[in-house]
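One structure below.
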């Protein structure tokens with residue numbers, strides 16, 4: 001028997017008010033033919049996990065009593081890295097020791113163990129397997145546990161919509177210092193695509209610019225420069241030098257920041273909105289739509305990949321390869337380890353209220 | 001020799017300050033092999049014609065000295081209906097008496113006659129030809145002279161982007177009482193597509209609602225209802241009854257009016273912006289982009305058809321057929337006739353400053 005701890009909630013609300021740790025037994029001798037038992041290696045706290053608990057996120061887990069709660073409960077967490085520790089007799093795709101991540105969202109990743117159908121997981125090479133495959137390095141817990149949302153968002157926004165010519169074309173993004181923003185600059189550079197990253201002005205701006213440029217951003221500008229019409233000519237000069245166009249814009253801020261990046265697009269350009277950090281709507285001058293044929297669309301990795309496991313697998317393979325070759329740097333997390341001293345829900349709560357991104361390791 | 005009068009300007013500015021009437025001679029004995037001489041039957045004044053003169057419209061005629069002005073001058077007018085009065089020896093597609101319209105914009109339609117390459121025109125059936133073809137009626141001057149912009153805009157927005165299922169699906173539009181809005185409701189009805197037209201509240205609202213419903217709008221609502229979230233459930237009930245979805249929205253207003261129509265779209269819906277009467281930008285809540293996958297794009301008939309004469313011909317044929325069958329009602333114009341008493345530029349100026357849409361007939 002394995003004692004599993006899982007973070008659940010029975011009604012939506014602020015995490016501190018509604019999260020509970022529930023413990024239940026998994027009987028490994030009763031594993032189904034197509035099932036696997038996994039132990040959790042790490043799971044992150046994403047903003048969408050919190051919004052899900054608050055009840056303000058459109059994708060929701062189904063209430064369930066499968067963990068033995070008297071009332072139906074909802075599981076927390078969507079991303080995570082697991083190790084297979086038992087396999088049912090009919091499982092062919094996984095072996096004990098394999099690393100896996102959830103195939104879909106709403107699996108409930110804030111828990112120590114899971115007994116699930118094997119189809120709910122996708123295999124990632126573990127460090128031993130990477131070594132055996134001749135790769136320079138294996139994935140870290142942080143890389144594996146956070147691979148499904150931010151790197152996939154950056155890669156798919158860059159590759160799934162608009163054909164960009166390496167060495168020539170450009171994308172522009174606000175939120176250039178966000179996790180997705182940093183992945184986008186890095187992946188852009190790996191693909192040969194030039195980028196302009198817009199960031200908030202700050203005291204140590206030059207330090208941040210240097211850091212983002214080192215990570216692959218071709219140019220880093222401030223929100224004030226992004227909003228100023230005058231700065232457009234500087235940007236035009238940069239683009240002219242490469243003989244390409246700014247064909248793509250990524251917006252995770254909204255308001256005049258979205259207008260600013262949309263204005264930089266060439267005719268027929270596309271702006272993808274994947275976040276709204278300012279809580280302001282996307283604002284687009286009519287003339288950009290009519291006379292420059294700018295299109296504004298949304299990007300949600302969950303929806304795009306929900307019915308396209310093949311695309312997910314392909315994209316994951318690309319990211320894994322870059323990690324193994326040391327070409328891609330993951331967004332760092334503050335790691336907190338579950339050692340049984342604090343209840344699991346308390347550990348996640350401390351991560352929710354703490355500064356920066358947190359990863360709970362096991 | 002034919003004495004032609006043409007309205008020109010030598011620098012951008014307000015029409016009253018810059019428009020001139022220029023007269024010049026066309027020698028019909030010197031007509032080129034592929035040329036035609038046409039006399040103008042009618043040409044309208046569109047808002048874009050005025051913006052072009054002001055210099056604030058992206059599509060501009062090229063300055064020319066071909067009419068014998070000492071300084072290069074720009075021609076006015078983009079839509080018009082002409083009758084062929086002479087054809088060059090090599091012209092096969094047109095005969096004397098044919099009705100033609102410009103194939104492209106910037107022909108300069110505010111003039112009495114034109115000598116141009118025949119490729120610059122598209123033939124429309126004249127009333128005799130309609131009769132000979134067994135059609136119930138022929139086109140009027142107003143229908144022919146205003147066919148290229150508003151009816152084509154309405155038809156192409158309805159048919160070129162999204163597959164709508166007749167009898168089931170819907171579109172919603174603001175500016176429901178505009179010329180394009182009225183064509184869209186009518187054409188929607190002819191195609192079996194349900195519509196919701198948003199109009200400004202007014203004293204005689206019920207009268208307007210009755211008029212627009214008679215012209216094919218399934219429902220007419222006010223801007224206040226469009227902006228109210230509460231009204232959404234009424235609209236959902238209408239749509240539920242037909243078993244379809246609101247897949248398409250047309251925006252020619254901007255600001256919260258654009259937000260209002262975008263909010264009514266079903267998941268994966270498209271909003272096309274073809275105007276900005278409020279001078280407010282398009283405003284789209286981030287969540288509509290990300291979680292409902294709403295796309296916002298622009299529509300400009302000039303750009304769409306610039307390199308697609310086949311699509312233009314097909315679309316014109318459809319509109320002509322509806323006019324000939326009396327199934328489509330044109331947007332009415334105040335007609336003013338050029339009889340030589342006033343200078344031609346003064347006639348257009350009176351139309352520009354007059355209330356409502358004007359058509360100059362010859």
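Here, each number is a calculation from the coordinates, and none is a lab measurement. The structure displayed is predicted, hence computed values, not measured ones. Note that each Cβ is placed from the backbone with ideal geometry, even for glycine, and that neighbours are counted across all protein chains shown.
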Averaged over all viewing directions, the convex hull of the alpha carbons in the protein assembly as shown casts a projected area in nm² of 39.3
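Taking every pair of distinct Cα atoms and averaging 1/r, then inverting, what Kirkwood hydrodynamic radius in Å comes out for the stretch B:1-78?
On the way: mean 1/r = 0.0725 Å⁻¹.
Computed over the stretch B:1-78, the radius equals 13.8 Å.
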Most exposed to least, judged by fewest other Cβ atoms within 10 Å, A:93, A:17, B:169, A:203 sort to A:203, A:17, A:93, B:169
Length-normalised contact order of the stretch A:1-90, Cα under 8 Å, at least 6 apart, in percent, tallies to 39
Between residue B:29 and residue B:332, Cβ-based FRET efficiency (R0 35 Å, step 0.05) works out to 0.30
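Out of all DSSP beta bridges in chain B, what portion is antiparallel? Express it as a percent rounded to 5.
On the way: 31 of 56 bridges.
Just about 55 percent of them are antiparallel.
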Between the Cα axis of helix B:344-353 and the main Cα principal axis of chain B, the angle (0 to 90°, nearest 10) is 20
Rg from C-alpha atoms of the stretch A:188-271, normalised by the globular rule of thumb 2.2 N^0.38 Å, equals 1.05
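For the stretch B:258-324, what is the Kirkwood estimate of the hydrodynamic radius, computed as the reciprocal of the mean inverse distance between distinct Cα atoms, to one decimal in Å?
Working: mean 1/r = 0.0705 Å⁻¹.
After inverting the pairwise mean of 1/r, the radius is 14.2 Å.
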Inter-part gap, Cα centre of the stretch B:162-228 to Cα centre of the stretch B:141-157, in whole angstrom, is 18
What the Cα atoms of chain A span along the principal axes, largest first and in whole Å, is 68, 48, 38
The extension gain from residue A:206 to residue A:64, computed as 0.36 nm times the residue separation minus the Cα-Cα distance, is 46.1 nm
Dividing the alpha-carbon radius of gyration of the stretch A:175-220 by 2.2 N^0.38 Å, where N counts its residues, gives 1.02
To the nearest 10 degrees, the tilt of helix A:205-214 (Cα long axis) against the first principal axis of the alpha carbons of chain A is 70
Taking Cα atoms, the helix B:150-159 axis meets the longest principal axis of chain B at an angle in degrees (rounded to 10) of 40
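Going by how many other Cβ atoms sit within 10 Å of their own, how do A:36, B:180, B:329, B:96 line up, fewest first?
Working: A:36 27, B:180 24, B:329 15, B:96 11.
Ascending Cβ contact count within 10 Å gives the list B:96, B:329, B:180, A:36.
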Cα-based Rg then Dmax for the stretch B:138-192, in Å, read 11.9, 36
In whole percents, the bins of 10 Å from zero upward hold the Cα-Cα pairs of the stretch A:291-362 as 15, 24, 33, 23, 4, 2, 0
Quick numbers on the stretch B:40-99, Rg and Dmax over C-alpha atoms in Å, give 14.9, 40
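Could you tell me the ratio Rg/Rh of the stretch B:240-362? Both radii from Cα atoms, Rh via Kirkwood.
On the way: Rg = 19.8 Å, Rh = 18.1 Å.
Here the Rg-to-Rh quotient is 1.09.
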Chain B: relative contact order from alpha carbon pairs under 8 Å, six or more residues apart, as a whole percent, is 16
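When a footprinting reagent is the concern and you count Cβ atoms within 10 Å, what order do A:264, B:10, B:16 take, fewest first?
Details: A:264 22, B:10 16, B:16 11.
The fewest-first ordering by Cβ neighbours comes to B:16, B:10, A:264.
Looking at the stretch B:150-302, send over the antiparallel percent of its DSSP beta bridges, to the nearest 5.
Values: 0 of 21 bridges.
The antiparallel proportion sits near 0 percent.
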Binned at 5 Å starting from 0, the alpha-carbon pair-distance distribution of the stretch A:150-302 in whole percents comes out as 2, 10, 22, 25, 24, 13, 4, 1
Taking the reciprocal of mean 1/r across every pair of different Cα atoms in the stretch B:96-139, the Kirkwood radius in Å is 11.8
Given a Förster distance of 45 Å, the FRET efficiency implied by the Cβ-Cβ spacing of residue B:229 and residue A:236, rounded to the nearest 0.05, works out to 0.60
Inter-copy distances for residue B:241, label 7 Å out on the Cα-Cβ vector, sorted ascending, nm, one decimal, are 6.2
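What number does the stretch A:1-143 give for Rg over Rh if you use C-alpha atoms and the Kirkwood radius? Could you put the intermediate results ahead of the total?
Numbers: Rg = 15.8 Å, Rh = 15.9 Å.
Value, to two decimals: 0.99.
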Yeah, the stretch B:73-126 with a ≥ b ≥ c from its alpha-carbon gyration tensor (a/c under 1.5 is rounded, else prolate when a/b outruns b/c, oblate otherwise) is prolate
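Rounded to the nearest 5, what % of the DSSP beta bridges within the protein assembly as shown are antiparallel ones? The partial results should precede the final answer.
On the way: 66 of 116 bridges.
Of the beta bridges lying entirely in the protein assembly as shown, close to 55 percent run antiparallel.
Averaging sequence separations of C-alpha pairs under 8 Å and six or more residues apart, then dividing by the length of the stretch A:150-302, give the relative contact order as a whole percent. Please list the in-between numbers first.
Details: 299 pairs, mean separation 34.7, N = 153.
Dividing the mean separation by the residue count of the stretch A:150-302 yields 23 percent.
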Taking the alpha-carbon centre of each part, the distance from the stretch B:58-99 to the stretch A:243-292 in Å is 39
Between the modelled labels at residue B:267 and residue A:214 (7 Å from Cα along Cα→Cβ) the distance in nm is 4.4
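Can you show me the helix-derived [θ] at 222 nm for chain B, built from DSSP H runs with n ≥ 4 at -39,500 (n - 2.57) apiece and divided by the number of residues, rounded to the nearest 500. Could you put the intermediate results ahead of the total?
Values: 14 runs with 119 residues, N = 362.
Value at 222 nm, helices only, nearest 500: -9000 deg cm²/dmol.
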Heads up, the stretch B:78-175 by the C-alpha gyration tensor (a ≥ b ≥ c square roots of eigenvalues; a/c under 1.5 rounded, else a/b over b/c prolate, else oblate) looks prolate
The stretch A:13-46 and the stretch A:101-115 have their Cα centres apart by a whole-number Å value of 7
